[in-house]
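Written out below as structure tokens is the structure these notes cover.
The values are calculated or read from the model by the stated rules, or taken from the named source; none is laboratory data. Since we're looking at a predicted model, the values are computed, not measured. Here Cβ is always computed from backbone atoms with ideal geometry, including for glycine, and neighbour counts include all displayed protein chains. In case anyone asks, the SASA skips ligands and DNA or RNA and just uses the protein heavy atoms, side chains included. Shrake-Rupley method; radii C 1.70, N 1.55, O 1.52, S 1.80 Å.
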Amino acid sequence: MKKPLLSLMLLLCSLATQAITTPNAHGGGFLWHKGRYYWYGEHKSNHTSAALVGITCYSSANLKDWRYEGIALPVAEQPGSDIERGCIMERPKVIYNAATRKFVMWFHLELKGRGYSAARAAVAVANKPTGPFTFLRSGRVNAGRWPALLDTARAMALRPESYKTWWTPEWHRAITQGLFVRRDLAEGQMSRDMTLYVDDDGTAYHIYSSEDNLTLHIAELTADYTSHTGRYWRMAPGGQNEAPTLFKKDGTYWMITSGCTGWAPNAARMFSAPSLAGPWTAHENPCRGPEAETTFGAQGTYALRIQGTQDFVFVADVWQPKHPSTAYYLWIPITFEDGKPTLRRENIREMRRELSFE
Ligand code: DGJ
């Protein structure tokens, strides 16, 4: 085992003992900035997964001792606001834009009282990593824009009214050919589970479950990271991937996702590509050991790079839908075996919140 990985294992061992300061920051994302890690996530209360508080922020110099930094983006009190208390705010991720010196947060937003039907991406900005973040807007993504590499003439010829029954082979073929991209072209593409990725050249990408959670989109963000450029690619069309996590190692992009089974865990999926535009190759489930077929009871949220190394930790949520605030986290070092990312049961470190019911 390489030395950095060994120290990562030791760090995660001590992390397991830090129950009291365990963050309430679910579906989280991490940012390294000026010597500290920042952890942003969904504040969960005891009886509902709807947002009653907002997006929390914690910081740490060592990934072990976490300091509560407050509510980075609170829910709004004004009735009718996109982020009105009782909406759904999920999977926040924050990146830093060196040119504008702004911290840019994107998250999945569902409007209050409308279940998961809005399927919007939302963006907020701040001058400091801890916020306060100012909410800018929310909406569907890339209205009027076709994805790269899609046969648009063929997609245009697809008639949504001809495919009223889902899951038939014909429907599946039409989905692959862009049936739902065409359906949502004018309004903009649906955007639910998501992550952000900043490439080595500083270009940022928004990766989200689209097309009724059937297909992932990888969409380029503008230079200030607060809008979409209109350039995007589809990934694994019709494959029903959620919970995307993305990292790059030795020039290869790796994506670990989940299937779509609500709050219930399922088997992780893994893909690799030489470029974000693809082509993406599907690999076997990266999990090994007991409960590998349910990602050890968890669902991924972020591939966290340990600063100064090429080592990554797969951070995952163990959802507790009956009492959402008691959801906890698995931190799993990503080992490479036969050149492929692997998540081993015996390397898991659990980070549990106390059973608080606030
Ligand atoms: C699975 C998603 O990954 C979660 O973020 C959340 O949206 C749940 N589905 C809701 O059922």
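Taking 7 Å steps out from each Cα toward its Cβ at Thr222 and Asp250 produces label points 3.9 nm apart. Taking the DSSP beta bridges with both ends in the chain, the antiparallel portion is around 95 percent.
Based on Cβ point charges of +1 for Lys and Arg and -1 for Asp and Glu, what charge dipole magnitude is obtained for the chain about its Cα centre, in debye rounded to the nearest 20?
Computed about the Cα centre, the dipole is about 340 debye.
For the range 140-245, trypsin sites (Lys or Arg not before Pro) meeting the loop criterion (DSSP other than H, G, I, E, B) and having at most 13 other Cβ atoms within 10 Å: Lys164. Gain on full extension, evaluated as 0.36 nm per residue between Glu346 and Trp167 minus their Cα-Cα distance, stands at 60.7 nm. Other residues whose C-beta falls under 15 angstrom from the C-beta of Lys64 contribute a net charge of +2, scoring Lys and Arg +1 and Asp and Glu -1. Rounded to whole numbers, the Karplus 3J(HN,Hα) couplings from phi for the range 314-325 are 8, 9, 9, 9, 9, 5, 10, x, 6, 9, x, 5 Hz, using 6.51 cos²θ - 1.76 cosθ + 1.60 with θ = phi - 60°, and x at Gly and Pro. If you run the Gaussian network model on the chain, springs between alpha carbon atoms under 10 Å, then out of Val318, Val94, Val53 the most flexible one is Val53.
Adding -39500 (n - 2.57) for every DSSP H run of four residues or longer, then dividing by how many residues the chain holds, sets the calculated 222 nm ellipticity at -2500 deg cm²/dmol. Here the chain exposes an accessible surface that is 53 percent carbon and sulfur, computed with a 1.4 Å probe and the other protein chains kept in place. Hey, which of these cross-link pairs are over 24 Å Cα-Cα: Lys93/Lys128; Lys44/Lys249; Lys34/Lys102; Lys34/Lys64; Lys64/Lys128; Lys34/Lys340? Flagged as over cut-off: Lys44/Lys249; Lys34/Lys340. The charge dipole of the range 168-287, taken about its Cα centre with unit charges on the Cβ of Lys, Arg, Asp and Glu (plus for the first two, minus for the last two), comes to roughly 260 debye.
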